[in-house]
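Step one of this worksheet: look at the structure below.
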Amino acid sequence: MPDTRRRLVYLTDIDGLRALAVLSVVCFHLQISGFTGGYVGVDIFFVISGFLISGLIRDQIHTGTFHFSAFYIRRVNRLLPAVLATVVTTTIVAAFILQPGAFGSLALSAAAGVLSAANLLFYFESGYWDASAELKPLLHLWSLGVEEQFYLFWPAFIVFMTTSRSQVYRWGLVVVFLLSLMSCIRYTTIDSNASFYLLPFRIWQFALGAIALEIWRNNPLNEFSRQVLRSLGLALCGISIVAFSENTLFPGWLALIPSTGAALVLASAHETSRSVWLSNPLARKLGELSYSLYLVHWPPIVLYRHYSLSDLTPEIKVALAVITLVLTLLLHYGIEQKFYRRGHYSNTSWRGLAGYTLGSSLVLAVLLFTVSEDPDRFISGEVLLSAETIQDYQSRRFDLTRKACRIDKLGETERCPIPEAGAVLFLGNSHEVDGYNMIAGALGTGRHRPLVVFGSTNGCRDLSVETDWMRSEDSSCQRRINALRGSLARVKWHTVIYSARRPYGGNKEPLVTVLETLHHQQPNTHIVVIEDYLSTRRGCASLINEFESAKACATLKHLSGLPGLIEESTPFKERVAAITDSKLDKVALLCGESLPDSCPTQTPLGHPMSIDEHHLTLEFAQWTGEQLAEKNPFWLQALRYSVEEKPPAIN
């Protein structure tokens, strides 16, 4: 019986869908109004890849022409040359713009990018010192990492499943789809970075594309059905692009909306499609250029931000769009088409271009890794703060808290006994460390009440309110949360130092709830709130190197936050004020009347205020504590006493 299933051919609707995907991503990154959810373009690309790659492999298996080696050679020729060109060009330009720390990070991400591991690097980089996404020139290579890792195992999966009956293959697709989707939905609330960057939580989108292919191959639709499905699919994609935003919990189940939309468009594609939106000449051309366009659009935006320290104005957006178009054409016609053309599969030997390309990638990765280890040797010009100096400041910031008694260690070690007299608890996010360093500097070497740290809520995944307390899906964090709850029955907390960035911000409800419960159960506990200081748009170390002065960290155009001058949302200010006994206002303590010019950005000995955008260095925090000690407020006096002495009363 002849096989009546359709073979995969050129479908104009796919180029149109590619055009929609890449334009949504570009417009999102250019901050064009109406594209707040444009990042879903990557999800659309994943579904398209699942559709096309599965179709290519299935057709070649059917005709007996599939070979693993030939498949991977074509993938290398298709993807790597353009990536190498993008990485090399970006690295060279960045050497004249970025500071040592940022350049070292770029070199490391470039090495990961050419090794198809950028998504893994960006996932594991998450933490205190992770640069904001808008300052990573090669961040967009994460999606290439996911896609290239997909290519590693998907052919073997298809070959294995296709040796069985067709129903086994289809059910296998459904199982992979459901397992990955459920994991993605679950893990988005536990570790959103993992569900965003890692292949196991994204494979369902490729499987969905393969399922759409099976529908397309086996169930030809009439014109009316195609139009209905195509329109519904485009509507789902459009709704996602317009309605989603950076505040949307993503990917999770919401990623189903654009992914399903893309699958519907693919399932309804036709060789003679006359779709106004997807098959017009402009859409088809943009689809053809989509890979190069995706690769080149992001680095100029990020490098401009590093160079100018400014937001994107309408004029700059237009200029960046023009630059992107020019770079796209150069990359597409100068590199991409030299190595790969659709339907041309003549070069199937590793001794040809694919072998040279792969070898070049390995050599380049080694060179880039070397650069990342010592970026000062490769950047343009002298700098005040070398990459090694920056790293030392970052590490020293934790010198005191590494040795401190942590809440979950109370009573377990000699260094961390259960306090017999009133103790001091430090509670907050990553700024908890700043609070500890400041108070330690204020107290000096004199005898004082026992100091206990919670250990920061940073890394506490899915931190939420649970009745009158907080909870986290992270086991390590939850252990500390439980230990803090248990301490209320066995420790008399004399003072709680609440030290968090944006202490009244919208994501602080779990911490505020804990403070309220603690205040209710131990009403004599003195609660001190440490407020923010200067926050910069870019790392303070980078500003110091560029402008050769720490004063650049207090220039208004470089600031993203300064209490009393730059307003921020404070939805929990009233709740915190109701339980607060004292405040440590760093701006009032350190600055004069003229803000921000009068705010110090280094210690008298020249130690900078910050290395990143808002965390204080150990030296600056301790110097701030010394200034506080000179004021010697009552609540600080109450922290100084020997165990044998009666603690001073707090008025």
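The values are calculated or read from the model by the stated rules, or taken from the named source; none is laboratory data. Everything numeric in this text was worked out from a predicted model, so none of it was measured. Neighbour counts run over all protein chains shown; Cβ positions are idealised from the backbone, glycine included. Side chains included, ligands, DNA and RNA excluded: accessible areas come from the protein's heavy atoms. Shrake-Rupley method; radii C 1.70, N 1.55, O 1.52, S 1.80 Å.
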Please go through (1) over 30 Å from Leu384 (Cα atoms); (2) touching a strand residue (DSSP E or B) at 6+ places or on another chain (Cβ under 7 Å); (3) open to solvent by less than 10 Å² (accessible area, probe 1.4 Å) for His526 and return the number of the only condition it doesn't satisfy.
(3)
Look at Val528 and say whether it is under 19 Å from Leu451 (Cα atoms) and either touching a helix residue (DSSP H, G or I) at 6+ places or on another chain (Cβ under 6 Å) or at pLDDT 95 or above (or both).
yes
Residue, modelled with the lowest pLDDT, within region 361-399, restricted to residues that are open to solvent by 60 Å² or more (accessible area, probe 1.4 Å) and of a type in the set (Asp, Glu)
Glu382
Residues in region 228-241: is at least one in a helix (DSSP H, G or I), touching an Asp or Glu at 6+ places or on another chain (Cβ under 9 Å), open to solvent by less than 60 Å² (accessible area, probe 1.4 Å) and charged (D, E, K, R)?
yes
With the requirement that a residue be polar (S, T, N, Q), within 28 Å of the chain's Cα centre (by Cα) and in a helix (DSSP H, G or I), what does region 353-386 give you?
Ser361, Thr370, Ser372
Selection status of Leu221, within 30 Å of Arg7 (Cα to Cα) and open to solvent by 20 Å² or more (accessible area, probe 1.4 Å)
yes
All but one of (1) under 24 Å from Ser105 (Cα atoms); (2) at pLDDT 85 or above; (3) open to solvent by less than 40 Å² (accessible area, probe 1.4 Å) hold for Ala267; state the number of the condition that does not hold.
(1)
Here's a check for you: in region 100-157, which residue that is hydroxyl-bearing (Ser, Thr, Tyr) and in a helix (DSSP H, G or I) is surrounded by the most Cβ atoms within 10 Å (Cβ to Cβ)?
Ser109
Selection count where residues are in contact with a helix residue (DSSP H, G or I) (Cβ under 6 Å, 6 or more places away or on another chain) and assigned to a loop (DSSP other than H, G, I, E, B), scope region 276-297:
2
Please work out which residue is modelled with the lowest pLDDT, limiting yourself to region 566-598 and to residues that are farther than 16 Å from Tyr504 by Cα and open to solvent by 60 Å² or more (accessible area, probe 1.4 Å).
Glu593
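Could you tell me how many of the residues in region 330-360 are closer than 28 Å to Gly104 by Cβ and either modelled with pLDDT under 95 or open to solvent by 20 Å² or more (accessible area, probe 1.4 Å) (or both)?
Final tally of qualifying residues: 6.
Among the residues of region 150-183, write down those that are polar (S, T, N, Q) and at pLDDT below 95.
Thr162, Thr163, Ser164, Ser166, Gln167
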Take Leu562 and decide whether it is within 30 Å of Ser542 (Cβ to Cβ), open to solvent by less than 50 Å² (accessible area, probe 1.4 Å) and of a type in the set (A, V, I, L, M).
yes
Filter region 418-446 down to residues that are modelled with pLDDT of 90 or more, surrounded by fewer than 22 Cβ atoms within 10 Å (Cβ to Cβ) and more than 34 Å from the chain's Cα centre (by Cα) and give me whichever is farthest from Tyr498 (Cα to Cα).
Gly444
Considering only region 528-555, state which residues are in contact with an Asp or Glu (Cβ under 8 Å, 6 or more places away or on another chain) and farther than 26 Å from Asp376 by Cβ.
Val528, Ile530, Glu531, Ser535
Checking Asn482 against (1) touching a strand residue (DSSP E or B) at 6+ places or on another chain (Cβ under 8 Å); (2) closer than 22 Å to Ala423 by Cβ; (3) not in a loop (DSSP other than H, G, I, E, B): exactly one of these is not met. Which one?
(1)
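Answer yes or no as to whether Ala255 is under 27 Å from Tyr340 (Cβ atoms) and buried (at least 22 other Cβ atoms within 10 Å of the Cβ). Walk me through it before giving the result.
On the way: under 27 Å from Tyr340 (Cβ atoms): no; buried (at least 22 other Cβ atoms within 10 Å of the Cβ): yes.
When the stated conditions are applied, Ala255 does not pass them.
Table: residues versus (1) within 22 Å of the chain's Cα centre (by Cα); (2) at positive phi; (3) open to solvent by 50 Å² or more (accessible area, probe 1.4 Å); (4) at pLDDT 95 or above.
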position: Asn247; (1), (2), (3), (4): yes, no, yes, no
position: Ser259; (1), (2), (3), (4): yes, no, no, yes
position: Leu278; (1), (2), (3), (4): no, no, no, no
position: Leu286; (1), (2), (3), (4): no, no, no, yes
position: Ser290; (1), (2), (3), (4): no, no, no, yes
position: Tyr294; (1), (2), (3), (4): yes, no, no, yes
position: Val302; (1), (2), (3), (4): yes, no, no, no
